[in-house]
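The values are calculated or read from the model by the stated rules, or taken from the named source; none is laboratory data. Being a predicted model, the structure only gives us computed values, none of them experimental. Reconstructed Cβ throughout: ideal geometry from the backbone, glycine too, with neighbour counts over all protein chains shown. Quick note on the areas: whole protein, heavy atoms, side chains included, nothing else; ligands and nucleic acids left out. Shrake-Rupley method; radii C 1.70, N 1.55, O 1.52, S 1.80 Å.
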Amino acid sequence: MNQAQKNIGLLAACQALAMTGSIVLFTTAALIGATLAADPSLATLPLAVQQLATMLATIPAALILRRLGRKLGFISGALIGLAGASLGAIAVLNSNFVLFCIATLLYGTFNGFVGYYRFAAADVASESFRSRAISFVVAGGIVAAIVGPGLAIWTKDWLSVAFAGGLLAIAGLQLLAIALLTMVQMPSLTHHTQSDSGRRLTAIAQQPVFIVAVLGSMIGYGVMALLMTATPLAMVTVHHSFGTAASVIQWHVLGMFVPSLFTGFLIARFGVLTIILVGIGLNGACIAVNLAGTDATNFYVALLLLGVGWNFMFIGSTTLLTEAYAPVERAKTQATHDFLMFSFVAFATFLSGQVLTSLGWKAVNYTGLGMISVVLVAVLWLRQQRSPVRLKSADR
């Protein structure tokens, strides 16, 4: 195994640990919020704060990763995540909603660093292997799908207050990630790369390929957050158990990450725009199943479809983005992409609780349907921009 392959493996492991913590938090945070908040409509606020923090952290994280290097930068992010998880346990034990929001803010800041694991893998991979390197790192979430919901259930009653133990478990995951990151050996940035030369960001952002990549990531991730955040609350409302809700989330996360084992190959075979379109179709199928009923089977099938749809849209859009910049432009382009993506995710997460509380579960799904319609039009537009002669090679 060469060093590049070792780095990709370590980054995939760190991605797995980060996503496991995030799944524990996603499974429990809305329920914690509903317990601690005076107003039930604020139940998803801690998750919205987390997403907002991730959005705000993307550009500072990129600057830190440039200044300190990938290795020390990622370790710094994990230390912030450790602080957030520890503070969250204290907040739950003391029934302090504001403190819990501060804790999710810190954890969201950590997630701003995690988003660059996939880009770090792309940077060390050859051009022909790039989509598969991204896919393999994202595939680290398979571990999260298997471990995360079970860990949320197992740790629920560890301490005197429900769910506080899960936050301590997340802190332990951060310590393990820090240990793994000490073994990463990323190439040093050259002075030329650090000088951030290249085109102006406005010129990069005006490219059709950049616009569609951002829309695909924003809406694919936003719709996932909108529906995933509301699902545990919707299930409890129609009298499904917490265990069933956690199991639904588990199948959803499996859908998010298991396809990563082959998504890169599918992109190389059929083209990135085709895979993004398939992801959009799977999101539409998810919404149709959700609207058909509220039996446990509906939630299982819908969230599984949502997970696979997110995978195709997220990995496809990330791969598409790599066509938009030269190596010296990668930091500012990647930071802008993730800033816009997590801005929309934060909005969608907060919107989820508001729409569910005021208008109901069906309204949440119709909102998601409107969102995916926008990216569908954008992808079809880009497809038309590419001539039939160039489409097969450029789309890959």
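Okay, here's what the table says:
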quantity	calculated
Filter result for Phe129 (surrounded by fewer than 22 Cβ atoms within 10 Å (Cβ to Cβ) and under 21 Å from Leu320 (Cα atoms))	yes
Residue count for segment 355-375, restricted to those that are within 13 Å of Cys286 (Cα to Cα), over 22 Å from the mean Cα position of the chain (by Cα) and of a type in the set (A, V, I, L, M)	0
Matching residues in segment 209-268 - criterion: being under 14 Å from the mean Cα position of the chain (by Cα), small (Gly, Ala, Ser) and under 23 Å from Leu47 (Cβ atoms)	Gly216, Ser217, Gly220, Gly222, Ala225, Gly255
Residue match in segment 306-316 (condition: more than 30 Å from Leu63 (Cα to Cα) and either without any contact (Cβ under 8 Å) to a residue 24 or more places away in the chain or open to solvent by 10 Å² or more (accessible area, probe 1.4 Å) (or both))	yes
Selection count where residues are hydroxyl-bearing (Ser, Thr, Tyr) and open to solvent by less than 40 Å² (accessible area, probe 1.4 Å), scope segment 291-305	0
First in segment 364-384 and buried (at least 18 other Cβ atoms within 10 Å of the Cβ), second anywhere and among the polar types (S, T, N, Q) and assigned to a helix (DSSP H, G or I), Cβ under 7 Å, 6 or more apart	Val364/Ser352; Asn365/Asn290; Ile372/Asn283
Search result, residues across segment 347-363 that are open to solvent by 100 Å² or more (accessible area, probe 1.4 Å) and modelled with pLDDT of 90 or more	Leu359, Lys362
First in segment 58-77 and charged (D, E, K, R), second anywhere and open to solvent by 40 Å² or more (accessible area, probe 1.4 Å), Cβ under 7 Å, 6 or more apart	Arg66/Leu189; Arg66/Gln194
Residue within segment 271-279 that is more than 17 Å from Met235 (Cβ to Cβ), hydroxyl-bearing (Ser, Thr, Tyr) and crowded, with 21+ Cβ neighbours inside 10 Å present	no
Residue check for Phe129: free of Cβ contacts under 8 Å to residues at least 40 places away in the same chain, over 19 Å from Ala171 (Cβ atoms) and part of a helix (DSSP H, G or I)	yes
Residue within segment 50-60 that is open to solvent by 10 Å² or more (accessible area, probe 1.4 Å), more than 14 Å from the chain's Cα centre (by Cα), at pLDDT below 85 and not β-branched (Val, Ile, Thr) present	no
Inter-residue pairs, beta-carbon under 6 Å, first touching a residue at least 12 places away in the same chain (Cβ under 8 Å) and in segment 13-29, second of a type in the set (Phe, Trp, Tyr) and not in a helix (DSSP H, G or I), 6+ apart	Thr28/Phe163
Qualifying positions in segment 74-97 - surrounded by 22 or more Cβ atoms within 10 Å (Cβ to Cβ) and either under 16 Å from Lys332 (Cβ atoms) or among the aromatic types (Phe, Trp, Tyr) (or both)	Phe74
